[in-house]
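A short write-up of the structure that comes next.
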Amino acid sequence: MIKNYNLSINTGFAVNRFNNNEIFIDFVKNHLKLNYIQPTSDWLNMNLPDRYIFKNVKQLDKVLSKYNVKVNSLFTGAFTRLNHLGHPDKEHQMYWLNWFKRFIDVGIDLGANHVGSHLGILSYHDNKQRKKLLKKRIIKNWHLLGEYAYKKKIKSLIWEPMSISREFGETLNECNQIHSLLNKKKYKFNICLDVGHGDINSKNKSNYDPYKWLEKFSNESPVIHIKQVKKNNFAHLPFTKKDNKDGIIKPKKVLEILKKNNNFDTELAFELSFKERDPIDKNLKKNIYETVQYWKKFLN
């Protein structure tokens with residue numbers, strides 16, 4: 001088995017479905033046979049009072065130790081897909097700066113090496129000044145967080161290239177430029193690649209080819225979000241036999257690129273999403289199990 005490729009499960013799908021830490025970690029360890037989770041801010045209830053957050057994290061840490069499940073990274077979730085550090089109001093930005101510092105603290109408590117998010121989102125109006133605001137708001141705020149994370153000894157903050165200009169990093173070139181701006185300071189920023197992202201309206205097909213993204217940036221990506229991807233389908237699909245028939249994400253091809261880039265130390269995090277509709281909701285556990293087993297075949 002290729003030991004350094006750690007399969008993990010992002011907890012985005014678990015919000016509202018698993019609200020007991022021990023039940024969830026038992027599902028991860030004894031049903032899925034995984035040794036890592038990627039907790040999301042939504043699942044950790046990061047918008048509740050600090051007293052509750054840290055009580056919950058302390059209890060979760062005990063359960064993780066009991067089942068020998070580890071945390072390599074934390075990431076924001078669907079409920080945090082907001083303007084946050086890109087918001088025009090400075091008081092609003094300050095709230096999110098403090099929020100992210102608390103998120104970093106939670107990451108430290110859980111033993112994470114990396115903590116991340118998308119960079120922030122601009123409104124339609126603000127996107128007209130995108131280049132100016134990228135440096136004035138987004139990069140400036142992330143540098144403040146980078147300094148905080150550096151002092152707290154987090155290995156790196158990770159940011160996720162998205163699929164439209166308002167959310168940043170939508171093309172290979174844009175991603176490269178932003179990553180260079182982030183890394184102008186002494187503290188380290190890495191990338192969290194997502195095999196389902198990229199600008200599908202780009203004239204350059206490479207900008208929405210997951211394998212081109214992996215070739216160019218996997219060495220900067222200690223964490224990669226994986227899911228099955230179909231043409232013109234933006235769902236976070238599992239790797240089931242049905243979805244794999246016309247899905248474009250092939251584990252063998254992904255792993256070949258990582259090996260070619262001499263990247264043998266990556267967290268491959270299943271970032272899956274399921275509609276609250278039956279039979280989708282009813283089949284969730286079975287489909288995640290099938291997903292994990294499918295990938296394990298290529299790691300043995």
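The values are calculated or read from the model by the stated rules, or taken from the named source; none is laboratory data. None of the values given here were measured: they were computed from a predicted structure. A quick note on method: Cβ atoms are made from the backbone with ideal geometry, for glycine too, and the neighbour counts reach across all protein chains shown. Accessible surface is based on the protein model in full, side chains and every heavy atom, while ligands, DNA and RNA are left aside. Shrake-Rupley method; radii C 1.70, N 1.55, O 1.52, S 1.80 Å.
Couple of notes before you dig in:
- Kirkwood Rh, Cα atoms: Rg over Rh of region 58-212: 0.99
- Percent accessible area from carbon and sulfur atoms, region 146-300, protein chains only, probe 1.4 Å: 47
- Antiparallel content of DSSP bridges confined to the chain, in %, to 5: 5
- Qualifying aspartates and glutamates (Cα of each under 14 Å from Cα of LYS186; at least 8 residues distant if same chain): GLU147
- Here the translational diffusion coefficient of the chain follows from Stokes-Einstein with Rh set to the Kirkwood radius across Cα pairs; for 37 °C and 0.692 mPa s it amounts to 168 µm²/s.
- Residue separation of MET94 and SER65 scaled by 0.36 nm, minus their Cα-Cα distance, works out to 7.0 nm of gained length.
- If you plug the beta carbon distance of LYS212 and LYS285 into 1/(1 + (r/R0)^6) with R0 = 41 Å, you get a FRET efficiency near 0.75.
- Förster radius 45 Å - calculated FRET efficiency between ALA78 and ASN173, Cβ distance, rounded to 0.05: 0.95
- Inter-part distance where region 29-50 and region 89-112 are each reduced to a Cα centre, Å: 17
- Between HIS143 and GLU256, full extension at 0.36 nm per residue minus the direct alpha carbon distance yields a gain of 37.3 nm.
- Normalised per residue, the accessible area of region 62-103 is 52 Å², obtained with a 1.4 Å probe and no contribution from ligands, DNA or RNA.
- Separation of alpha-carbon centers, region 144-162 and region 270-295, rounded to whole Å: 31
- For the peptides 277-286, 191-200, residues were scored by their other Cβ atoms within 10 Å and the scores averaged per peptide; the highest-first order is 191-200, 277-286.
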